[in-house]
Amino acid sequence: MKQIRLPLRVLVVSASPNKSGLTAACATAAIEGIGGAGGVADEIRLNDLQVGMCQACNGGWGTCLNEHECQVEDDFQALHARVLQADAYILVTPVYWGEMSESAKAFTDRLRRCEATRGDRSGLSGKPVIAVAAAGGSGNGMITCLLSLERWIDHVRARKFDLIPVNRWSREYKLVTIRAAAQAMVLEAPHTSDRTL
Ligand SMILES: Cc1cc2nc3c(=O)[nH]c(=O)nc-3n(C[C@H](O)[C@H](O)[C@H](O)COP(=O)(O)O)c2cc1C
């Protein structure tokens, strides 16, 4: 039997409507870091997809509870499959009102319902996550945004590799940090995609 080591697959999810802002710059730095360490980045811009908010079906829980799939049909189902195939994650959100953006919230809410309900068998269990909160305005709210992302990482049983706040004053050195963090995560993360032939 031969063990084949595939490159580490990292899902980079960005959640801004702005294609050339701070969030986009952070996602680009992450992708550069992944590539630099020999990983493969799968980039998703949530605002280009149709991923609506959770409908709290049937008075609270839909098929997410027992079947671990979302019954609200839109782009979420294909996205969910890409999440499960990844070895590691980088989630970049702009800071809106001290929170993650609406598109990040819709995605993380629905994914949490499907995967947190699997307990230790969550598809993200033990996989490393880097969360980035990009605050381009006052600079307020980076920490509250990361706090809620940290709770989400715990709920889906993933592993906090790093939580990175960025604002317009820290932008240049934080882009360097994000690149380095992505690189370090690829070099450290166990490959769930290893194949035995
Ligand atoms: C609805 C809304 C709320 C915002 N709230 C905050 C905030 O709480 N703190 C902050 O520093 N910036 C805030 N901003 C500014 C964004 O964080 C800033 O525009 C950021 O750069 C967005 O990322 P982008 O460059 O990818 O668009 C807000 C922007 C919007 C549109």
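At a glance:
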quantity: Test: residue in the stretch 121-132 that is within 26 Å of E69 (Cβ to Cβ), assigned to a strand (DSSP E or B) and in contact with a Leu (Cβ under 9 Å, 6 or more places away or on another chain); calculated: yes
quantity: Residue tally, condition assigned to a helix (DSSP H, G or I) and in contact with a strand residue (DSSP E or B) (Cβ under 9 Å, 6 or more places away or on another chain), over the stretch 55-89; calculated: 4
quantity: When residues of the stretch 65-95 are limited to those that are in contact with a Lys or Arg (Cβ under 6 Å, 6 or more places away or on another chain) and free of Cβ contacts under 8 Å to residues at least 60 places away in the same chain, the one nearest to N47 (Cα to Cα); calculated: F76
quantity: Single condition G35 does not satisfy, out of (1) in a helix (DSSP H, G or I); (2) under 20 Å from P165 (Cα atoms); calculated: (2)
quantity: Count - residues of the stretch 165-176 that are more than 14 Å from the ligand (Cβ to nearest atom) and touching a strand residue (DSSP E or B) at 6+ places or on another chain (Cβ under 6 Å); calculated: 0
quantity: Filter result for A27 (within 16 Å of the ligand (Cβ to nearest atom) and either of a type in the set (S, T, N, Q) or closer than 23 Å to K174 by Cβ (or both)); calculated: yes
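Bear in mind these aren't lab numbers, they're just calculated from the coordinates by the rules spelled out. Just so it is clear, the model here is predicted, and its values are computed rather than measured. Here the Cβ is made from the backbone with ideal geometry for all residues, glycine too, and neighbour counts use every protein chain on show.
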